[in-house]
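Below is one structure, written out as structure tokens; the observations come after it.
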Amino acid sequence: MSSVIENSTRRVRMATMLPLLATLAIVPIACRSGAGSNSTATAGTVVMRLERGPCFGRCPEYLVEILEDGTVRFDGRKNVNALGPKQAKIAVDDVRRLQDLFARSGFATLDSAYIEGAKGCGRFFTDGPSAILGALVGSSMKSVRHDSGCTDAPRVLQTLAAQVDSVARTSAWTAGAGDNK
């Protein structure tokens, strides 16, 4: 009698596991073949990004990303002349020079945040704009959030952010910061 129960139990286990095993066998094949994917090859890897946040006033709010192939993607959010996504192209040599500047600046060793209450912030003044600066370091994106009201934050953060804006030519989309909200 116990062998009948054991066999019955095994059959029930196998019946419940078969769909799971079939799924596990199919998923890697689908992923390798690209099945179920609507996208083709990616346009490139993001190597720099700058997100400018709000302030007490009319600070431009936007995200700009620079890809390794020189593609610049801009998303105007508020207080800019160009709302929404825009795209441009810059020289790959400019991208490389910007990457070299980040590497020489010690960006990879900076804290991840210079915001009110963080150890590297120092005295804090409210109502200033914030920025999140990112750069590809090795194979991962290193991001540093910086509130401009932190008096002890490394000045290189402002310099690097200004360089990203300059190389990406964001002033074409932000200059004159329109009246949009």
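Side notes on the structure shown:
- Three-way shape call for segment 58-181 based on the alpha-carbon gyration tensor, with the a/c threshold at 1.5: oblate
- Surface exposure of segment 77-148, expressed per residue as accessible area with a 1.4 Å probe, stands at 59 Å².
- Carbon + sulfur, % of accessible area of segment 104-181 - ligands and nucleic acids excluded, 1.4 Å: 50 percent
- For segment 126-181, a/c is not less than 1.5, where a ≥ b ≥ c are the root eigenvalues of the C-alpha gyration tensor, and a/b does not top b/c. That puts it in the oblate class.
- For segment 84-125: rounded, prolate or oblate by the Cα gyration tensor [a/c cutoff 1.5]: oblate
The values are calculated or read from the model by the stated rules, or taken from the named source; none is laboratory data. Model, not experiment: these values are computed from the prediction. In case anyone asks, the SASA skips ligands and DNA or RNA and just uses the protein heavy atoms, side chains included. Shrake-Rupley method; radii C 1.70, N 1.55, O 1.52, S 1.80 Å.
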